[in-house]
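Below is one structure; the comments refer to it alone.
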Amino acid sequence: MSNLRELCKGLPLHPLPENKGRRDGLPHAPVRTPNLSPKEEQLALKNALRYFPPEVHKLLAPEFAQELKLYGHIYMYRFCPDIEMRAYPIENYPCKTKSAAAIMHMIMNNLDPSVAQFPQELVTYGGNGQVFSNWAQFRLVMSYLSEMTEEQTLVMYSGHPLGLFPSSPSAPRLVITNGMVIPNYSSRMEYEKFFAMGVTMYGQMTAGSYCYIGPQGIVHGTVLTVLNAGRRYLGVEDLSGKVFVTSGLGGMSGAQAKASVIAGCVGVIAEVDKAALLKRHQQGWLMEVTDSLDHCIKRLREARKKKMPLSLGYHGNVVDLWERLVYELDTTGELLVDLGSDQTSCHNPFNGGYYPVQLSFQEANQLMAKEPAKFRDLVKESLKRHVAAINRLSEKSFFFWDYGNAFLLEAQRAGADVMKKGGNKTEFRYPSYVQHIMGDIFSLGFGPFRWVCTSGDPQDLVTTDQLATSVLEEAIKRGGIFRKHRIREFHKKHLLFFRGEVINGGFGLVLDGTEEAERRARMMLSWDVSNGVARRCWSGNKKAYEIICQTMEENPKLNVTLPYDVLDESILEKALRC
């Protein structure tokens, strides 16, 4: 087995490591079907070989070509390191700066099999949230980071390490871009070709920026979403006895189970991949699992009646679950669900992000690779059934929202009845959680923030959690967004340790206790929070307006352009008539 020092030596060429191919016992990414032309296949192969000296091309070329043919992408399995992939304490990494060691720590956490969705394909979550495009890139980045000083910056383009560049101690140690495609060529089909050719990569929000920390990264946001949905749509503070139905347990969606229990409701989460379901159960995110719809409905009724918090994982397709809930409503008159959403990777519906109800998990993966056009048709049919069931339930006191996973967009493209009656062509009949549920919280400048303890010492995590608790309790005084007993319940019972169409930006900081680190944090956090709250002002949020005005009074260095009140409606109407 390799050690960290050997891992940081760059590409192993003399001798080349043994090619063990795809390893058994690990979940693997679905086969991609990019439909490359012969010329595009040549370019894909050429781009992969450019990482290696000519003397090994004769051996590697047919191997890479075979991967492209079998899997639709060149992952370079030969160079997948023979090391226990996990986040080691940063002092273990052979680096010249703590910042570099922290980045290496996060990269290896992203690829830890207990964290990553498809670790050998370098996919962290979401079906296509890549850390790198291939294993050569991983090894080169680790080598660069081991050499990097406080006067250098590593530049990354869609998994490709461009190199180390001269900079300064106050500059970022790492600058990353992912998925930058010219708009005229940014269709899904073109993207699949570009990824297969190794020229772009979809890093999602935290996979390709190396700051993914498992479902724990969004459990707080999911809790607040469920609680606020209860307040907004059900008019209740206490969700005891209320039922939340959703789907997805593979990546960040795993947070839904834990969030349901913390919020005090009954959470029923469907997942087609049994391995993902059992993983969440074994890790403690999920209380119970079943593959029986009858048992699912029975447990749901029991927990609902007793007002007992429960997270129940249903191994099956969520469409079957929704349609069973419709059947119960139509035959008994009983509405068994109060809140609903979806966290499948619907931004990637035809490559493993959404599984059609007509097929088993295994059948779907086979058809996806062999007959992609037929698979797409089944996905569209499934989405229409999915929406039809939700629409039937929403005729009663049931409320559904979009979780920002492109579910409503893809359903609309499939021909499902999701458009708002009397609305414009971009308005859906169901709300988005960002605008309608979490907007008031975002207007306060409250989160989402996440942190890790690179020391690997659990006591350090306890310390940061105590600090987080004090921040949350201060938030209670300002806005009452999170009840105190929920904070305590979260920290005592639910603390876990872990080793579509948007542009996202962010930053990461290494806080090592120095005055310089504090200076950087104050500068960046001030900008990040104030920037977010100021944007909410222009969306008409009065609370955000009040907060940003108060902040400007306290900080003379902040000067924000504020919106004026909307003109009198009669003036607008008169102007339009003219």
*Loop-located GluC sites (Glu not before Pro) in segment 329-410 whose Cβ has at most 14 other Cβ within 10 Å (DSSP)*: Glu334, Glu395
*In the chain, what percentage of the DSSP-assigned beta bridges are antiparallel, given to the nearest 5?*
30
*What accessible surface, in Å², does a 1.4 Å probe find on Leu59, ignoring ligands, DNA and RNA and rounding to the nearest 10?*
90
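So if I place +1 on the C-beta of Lys and Arg and -1 on the C-beta of Asp and Glu, and nothing else carries charge, what would the dipole magnitude of the chain be about its Cα centre? I want it in debye, nearest 20. Spell out each step's value before the answer.
Details: 67 positive and 62 negative charges, 122 e Å.
That gives the chain a dipole magnitude of about 580 debye.
Per residue, what accessible area does the chain have, given a 1.4 Å probe and all protein chains present, in Å²?
Numbers: 28200 Å² over 578 residues.
On a per-residue basis, 49 Å².
Compare Trp322, Trp451 by solvent-accessible area with a 1.4 Å probe and give them largest first, with all protein chains kept in place. Could you put the intermediate results ahead of the total?
Numbers: Trp322 0, Trp451 110 Å².
Greatest to least solvent exposure: Trp451, Trp322.
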*Straight-line reach from Lys242: which aspartates and glutamates have a Cα under 20 Å away, not including same-chain ones fewer than 8 places off?*
Glu288, Asp294, Glu302, Glu323, Glu328, Asp330, Glu334, Asp338, Asp342, Glu395, Asp402, Glu489
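In square nanometres, what is the average projected area of the Cα convex hull of the chain?
Working: hull surface 118.4 nm².
Hull-based average projected area comes out at 29.6 nm².
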*Taking every pair of alpha-carbon atoms in segment 324-413, give the share separated by more than 14 Å as a whole percent.*
66
_Residue among Val418, Ser432, Leu408 farthest towards the positive dipole end of segment 371-447, charges placed on Cβ_ = Val418
*Suppose R0 equals 60 Å; then what is the FRET efficiency for Ser526 and Ser292 from their Cβ-Cβ distance, rounded to the nearest 0.05?*
0.70
_What FRET efficiency comes out for Asp82 versus Glu55 if R0 is 41 angstrom and r is the Cβ-Cβ distance? Round to the nearest 0.05._
0.95
*Report the label-to-label distance for Leu234 and Thr331 in nanometres (one decimal), using points 7 Å from each Cα along the Cα→Cβ vector.*
2.5
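Roughly how large, in nm² to one decimal, is the mean projection of the convex hull of the alpha-carbon atoms in segment 226-372? Walk me through the intermediate numbers first.
Details: hull surface 35.5 nm².
Spelled out: convex hull of the Cα atoms, projected over all directions, averaged, 8.9 nm².
Let me have the 222 nm mean residue ellipticity of the chain computed from DSSP H runs of 4+ only, each contributing -39500 (n - 2.57), with the sum over all residues rounded to the nearest 500.
Working: 20 runs with 248 residues, N = 578.
The helix contribution divided over the chain gives -13500 deg cm²/dmol.
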*asked:* For a quick check: with amide H placed at 1.01 Å from N, whose amide H comes under 5 Å from Gln117's, ignoring anything fewer than 5 positions away on the same chain?
replied: Thr124, Tyr125
*Gained length - Lys307 relative to Gln66, 0.36 nm times residue gap less alpha-carbon distance*: 81.2 nm
*Between segment 413-430 and segment 176-250, what's the alpha-carbon centroid distance in Å?*
21
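Sort Arg22, Arg413, Arg535, Arg32 from largest to smallest accessible area, using a 1.4 Å probe on the heavy atoms of the protein chains. Spell out each step's value before the answer.
On the way: Arg22 60, Arg413 120, Arg535 150, Arg32 20 Å².
Largest to smallest exposure gives the sequence Arg535, Arg413, Arg22, Arg32.
Please compute the volume of the convex hull spanned by the alpha-carbon atoms of segment 82-241 and report it per residue in Å³.
Working: hull volume 28.8 nm³, N = 160.
Taking only Cα atoms, segment 82-241 has a hull volume of 180 Å³ per residue.
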*Can you give the three extents of the C-alpha atoms in segment 1-125 along their principal axes, from longest to shortest, in whole Å?*
47, 33, 25
*Of all accessible heavy-atom area on the chain, the percent that carbon and sulfur account for (1.4 Å)*: 53
*Give the accessible area for Ile103 in Å² (nearest 10); use a 1.4 Å probe, count only protein heavy atoms, and leave out ligands, DNA and RNA.*
30
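Kindly identify segment 146-287 as rounded, prolate or oblate by the Cα gyration tensor criterion: order the square roots of the eigenvalues as a ≥ b ≥ c, call it rounded if a/c is under 1.5, otherwise compare a/b with b/c, prolate if a/b is larger, else oblate. Could you put the intermediate results ahead of the total?
On the way: a/c = 2.43, a/b = 1.92, b/c = 1.27.
It comes out prolate by the Cα gyration axes.
Rounded to the nearest 0.05, what FRET efficiency do Met419 and Val175 give with R0 = 41 Å and r taken as the Cβ-Cβ distance? Could you check? Walk me through the numbers on the way to the answer.
Details: r = 40 Å, r/R0 = 0.99.
That gives a FRET efficiency of 0.50.
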*Quick one: check the C-alpha center-to-center distance for segment 368-409 versus segment 253-313, whole angstrom.*
21
*asked:* Please state the shape class of segment 207-299: rounded when a/c is under 1.5, otherwise prolate if a/b exceeds b/c and oblate if not, all from the C-alpha gyration tensor.
replied: oblate
*Measure up Lys258/Lys425; Lys258/Lys298; Lys374/Lys420; Lys298/Lys425; Lys274/Lys298; Lys305/Lys396 against 31 Å on the Cα-Cα distance and list the ones that go over.*
Lys258/Lys425; Lys298/Lys425
*Could you name the lysines in cross-link range of Lys574, using Cα to Cα under 18 Å and dropping any fewer than eight places away on the same chain?*
none
*With Rg and the Kirkwood Rh both taken from Cα atoms, where does Rg over Rh land for segment 70-170?*
0.98
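With every protein chain kept in the model, how would you rank Leu286, Leu511 by accessible area, 1.4 Å probe, largest at the top? Don't skip to the answer; put the middle values down first.
Working: Leu286 5, Leu511 120 Å².
Most to least solvent-accessible, the answer reads Leu511, Leu286.
The values are calculated or read from the model by the stated rules, or taken from the named source; none is laboratory data. It should be emphasised that the depicted structure is a prediction, and the values quoted were computed from it without experimental measurement. Counting neighbours? That spans all protein chains shown, and the Cβs are built from the backbone with ideal geometry, glycine included. Side chains included, ligands, DNA and RNA excluded: accessible areas come from the protein's heavy atoms. Shrake-Rupley method; radii C 1.70, N 1.55, O 1.52, S 1.80 Å.
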